[in-house]
Amino acid sequence: MKMEDALTLKSPWTPAHQAVELSDHATLTRILDEGVDADEVCCQMTLLMHAIDTEVDVANQSGEPIDSALTAILLAYGADPHLAVNGEAAYDWAGKHRHDMAIRLMDRFSTRPTKLKVRFRRIRRR
């Protein structure tokens, strides 16, 4: 199914979540670049949770090695792997589904300067 076709169907997904569902990297990147929040929540999932779920499903259904392009795109646009929805975060989902590549990406992105500032601020308060 193409993105254009999917958008004409009644769908519970926002355009960003639909792009994730279809593994449409180009559309997801464009939507995020236009300003959609990388931490958007729809159907009780953040975009990053949805990306991890989709990447795992696609690998399981196709028999191909797991891919982490959706996760990388969302992290590049500032998605928070520790943002919890109903007590679970994307980082938790990646661990539960054994998506090790996504875990490594989230660990690497969590060392970005903006994340480090928050960590150092917490340390100084002690």
* Tally, over region 51-82, of residues that are part of a helix (DSSP H, G or I) and crowded, with 23+ Cβ neighbours inside 10 Å -> 7
* Could you please find all residues in region 23-50 being touching a residue at least 40 places away in the same chain (Cβ under 8 Å), closer than 13 Å to Ala90 by Cα and not in a helix (DSSP H, G or I)? => Ala38, Asp39, Val41, Gln44, Met45, Thr46
* Asked: Given the conditions (1) farther than 11 Å from Ala79 by Cβ; (2) at pLDDT 95 or above; (3) of a type in the set (A, V, I, L, M, F, W, C), which single one is not true for Ala16?
  -> (1)
* **Hits in region 83-126 (condition: in a loop (DSSP other than H, G, I, E, B) and either within 22 Å of Leu22 (Cβ to Cβ) or at pLDDT 60 or above (or both))** => Leu83, Asn86, Gly87, His97, Arg98, His99, Ser110
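Going through region 53-94 one residue at a time, which ones are more than 20 Å from Val41 (Cα to Cα) and either of a type outside the set (A, V, I, L, M, F, W, C) or within 10 Å of the chain's Cα centre (by Cα) (or both)? Even if it seems obvious, please write down each step before you answer.
The initial filter retains those residues of region 53-94 that are more than 20 Å from Val41 (Cα to Cα), namely 58-67.
Matches in region 53-94: Asn60, Gln61, Ser62, Gly63, Glu64, Pro65, Asp67.
The values are calculated or read from the model by the stated rules, or taken from the named source; none is laboratory data. It should be emphasised that the depicted structure is a prediction, and the values quoted were computed from it without experimental measurement. Cβ atoms come from the backbone with ideal geometry, glycine included; neighbour counts cover every protein chain shown.
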